[in-house]
Amino acid sequence: MAATVPKFRYLSAWFCPFAHRATIALEHHAGRINYEWVEALGWEQRADKNNVTGTGKEWWYHWKADELKRANPSALVPTLIPVDPETNQADESKAVYESLVCIEFVDEISKASGKDKLVPSDPYEAARVRVWAEKVNKECCSPYYGVLVRKEESERKEHFEQLLKGLRSFSAELAKTPGPLFLADAQMSKVELSLIPWAFRFYVFEHYRGSEYVIPKDDPSLDAYHEWLEHVLSVDAVKRTLPDKDKYLVHIGKYADSSARSKVANAVRRGVAAHDLDDEKDEY
Amino acid sequence: MTSHTARQLTKPHFRYLSAWFCPFAHRATLALEHHATRVSYEWIEALGWEQRPDENNVTGTGKEWWYHWKSPELVRCNPSALVPTLIPVVEEEEGAVEEKAVYESLVCIEFVDEISGASGKDRLVPECPYEAARVRVWADRLNKDCCSPYYGVLVRKDEDERKEHFEHLLKGLRAFSKELEKTSGPLFLGNEQLSKADLSLLPWAYRYYVFEHYRGKEYVIPKDDPSLRAYHDWCDYIFNLDSMKRTFPDKDQYLEHIGKYADSSARSKVANAVRRGVSAHDLDDEKDNY
């Protein structure tokens, strides 16, 4: 019996950095996994009758696919639903979600080995990868929303400083192993995937918040980070997944002017970290 | 049999930097005891409390400050200097290999599981990728919804805040109960397979008894609530497993220890974070240092 490649319906959204993590994992393991991209949440502009945003417009998550709502109790992307390759039946009861868990899941289901694994086989390196994937999530990814969504200049600055501190810490750890990536010998890992979607998006800060919000390029404590970024953005599996820069810049405008209604935006507006969103409080 | 082969057959061995009262470290202890036949360790008490006079009456309770001490080994091996921290001891390298220290309690569970070489039902993270994903999602959810609010109840001074944290905790336990009902048997996975999800919650479930003493009867986890039935069945089962029972700190000793959190004289990163108004799981290494 020929081995069949695992197949998935991949519920996603073109702009979402959390989903982007899963996309990179799927593309990294292209050939070992098949998936069908399903755009599962989208925006529609509606009139801002009560002038809540002050912009005259109000953007709502108009729709979430019913499939997404059924398969994931939080109705968030990324969500992976396995499809039986013979019957073509999707099994929603086995849906996998939470972006960092998706990376590990995709890695395991791919049956890859050695350098192709995103979580290495060595338990010590696996532990180091897991710790740092969470660290960059908390220190470099969550503050992104703080810079874009919070209205107080001092809060924006604080989040940006936090982000820079996280990147410096990451740079220091990068410097410990040979090669530009987190692991030695240019092995891609869960740490790369955790940070890339946000590192790619940092460019929007300058447009919406000014030149004081550019990641410094002449700062030696960030050299390793810049070298890392240059390398990862040239990797094929990553390049294929990058959203169009101009289209994304327009999209993210609704976060910057507070007309965005999404769980992440609502959480940050409420004053908590993006990674601490509350499914109910931040519902809209 | 050469001495090299004999070395290969010995269990991985660790210096386990821990603290008898700490629920985060308790998670790692549970993983180590679950894999007791496959991994060996030496317990090192690496942080502790010491009393000092509160000369400036900072606590306002008239009680003494309890300063935290940390062993230099812990400070060297873990940048955050927190427990649990596992340091491998390798004969060929003549002792402890500090650069390979493993920390963060949930990561420690996965690490111990992998280094143990266990398979099948003995694994704390199952081999099936779908079940592994479910275990990981729930280990994190329980951490956030049922473990972090514990400190909110004990440390926050405002009664409304305490109530809010407690309600959040109960909501988390109800969600857990519902998920437990989906599989046969009392544990998170079917067929009485212990997992990372169980270990994530257990140290806190064991400690909930302190609420009644420090905060009153309204802070007891309801026993007659059907939506918590599966949770109580889980407790009854897991509290009686030998490998788990061996790890429980003495109830009276712990009750007395936790009093310093309840009256704000405790100085620790977790207590400081919660006093500052953020979740325990969001402590800041610098802001919450002392």
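A few points about this structure:
- Among residues that are among the polar types (S, T, N, Q), more than 27 Å from B:L283 (Cβ to Cβ) and over 15 Å from the mean Cα position of the chain (by Cα), A:S234 is included.
- Filter result (within 12 Å of chain A (Cβ to nearest Cβ) and either touching a Lys or Arg at 6+ places or on another chain (Cβ under 6 Å) or crowded, with 24+ Cβ neighbours inside 10 Å (or both)) within region B:85-97: B:T85, B:L86, B:I87, B:P88
- Scanning region A:228-250 for residues that are of a type in the set (V, I, T), without any contact (Cβ under 8 Å) to a residue 60 or more places away in the chain and open to solvent by less than 20 Å² (accessible area, probe 1.4 Å) yields a single hit, A:V232.
- All positions within region A:88-101 that are assigned to a helix (DSSP H, G or I) and either open to solvent by 40 Å² or more (accessible area, probe 1.4 Å) or facing chain B (nearest Cβ under 7 Å) (or both): A:E92, A:S93, A:K94, A:V101
- The C-beta contact set for region B:120-134 (first residue free of Cβ contacts under 8 Å to residues at least 12 places away in the same chain, second residue open to solvent by 60 Å² or more (accessible area, probe 1.4 Å), distance under 7 angstrom, 6+ apart or interchain) comprises B:P129/A:E108; B:Y130/A:K94; B:A132/A:E108.
- Meets criteria (in contact with a Ser or Thr (Cβ under 7 Å, 6 or more places away or on another chain) and either within 14 Å of chain A (Cβ to nearest Cβ) or open to solvent by 10 Å² or more (accessible area, probe 1.4 Å) (or both)) for B:G190: yes
- Within region A:1-22, the residues that satisfy the criterion of being more than 16 Å from A:E92 (Cα to Cα), in a loop (DSSP other than H, G, I, E, B) and open to solvent by 10 Å² or more (accessible area, probe 1.4 Å) are A:M1, A:A2, A:A3, A:T4, A:V5, A:W14, A:C16.
- Matching residues, region A:50-83, being surrounded by fewer than 19 Cβ atoms within 10 Å (Cβ to Cβ), at pLDDT below 95 and either among the β-branched types (V, I, T) or in contact with a Lys or Arg (Cβ under 9 Å, 6 or more places away or on another chain) (or both): A:V52, A:T53, A:T55, A:K57, A:W60, A:Y61, A:H62, A:S74
Residue by residue, here is whether (1) without any contact (Cβ under 8 Å) to a residue 60 or more places away in the chain; (2) surrounded by 15 or more Cβ atoms within 10 Å (Cβ to Cβ); (3) within 27 Å of A:V268 (Cα to Cα) holds:
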residue	(1), (2), (3)
A:E125	yes, yes, no
A:A133	no, yes, yes
A:G146	no, yes, yes
A:R156	yes, yes, yes
A:E161	yes, no, yes
A:L164	yes, yes, yes
A:S171	yes, yes, yes
A:L174	yes, yes, no
A:T177	yes, yes, no
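- Helices (runs of 4 or more DSSP H) contained entirely in region B:142-224, each with at least 2 residues that are touching a helix residue (DSSP H, G or I) at 6+ places or on another chain (Cβ under 7 Å) and in contact (Cβ under 8 Å) with a residue 60 or more places away in the chain: B:148-155, B:196-207, B:210-215
- Verdict on B:V125 being assigned to a helix (DSSP H, G or I) and buried (at least 18 other Cβ atoms within 10 Å of the Cβ): no
- Sole exception among (1) more than 9 Å from chain B (Cβ to nearest Cβ); (2) part of a helix (DSSP H, G or I) for A:P85, by number: (2)
- Scanning region B:118-167 for residues being modelled with pLDDT under 95 and under 17 Å from B:L202 (Cα atoms) gives a total of 1.
- Test: residue in region A:23-46 that is part of a loop (DSSP other than H, G, I, E, B), touching an Asp or Glu at 6+ places or on another chain (Cβ under 8 Å) and at pLDDT below 95: no
- Screening B:E256 with (1) over 21 Å from B:D160 (Cα atoms); (2) within 18 Å of the chain's Cα centre (by Cα) gives one miss only, at (2).
- A single entry from B:A118, B:A133 fulfils the requirement of being in a helix (DSSP H, G or I), among the small types (G, A, S), within 14 Å of another protein chain (Cβ to nearest Cβ) and open to solvent by less than 60 Å² (accessible area, probe 1.4 Å): B:A133.
- Top-ranked residue of region A:103-145 - restricted to ones that are part of a helix (DSSP H, G or I) and small (G, A, S), ranked as farthest from the other protein chains (Cβ to nearest Cβ): A:G114
The values are calculated or read from the model by the stated rules, or taken from the named source; none is laboratory data. Note that this is a predicted model, so its numbers are computed, not measured. Ideal geometry is used to build each Cβ from the backbone, glycine not excepted, and the neighbour counts take in all protein chains shown. Each accessible area value is taken on the protein alone, full model and side chains, heavy atoms only, with ligands, DNA and RNA left out. Shrake-Rupley method; radii C 1.70, N 1.55, O 1.52, S 1.80 Å.
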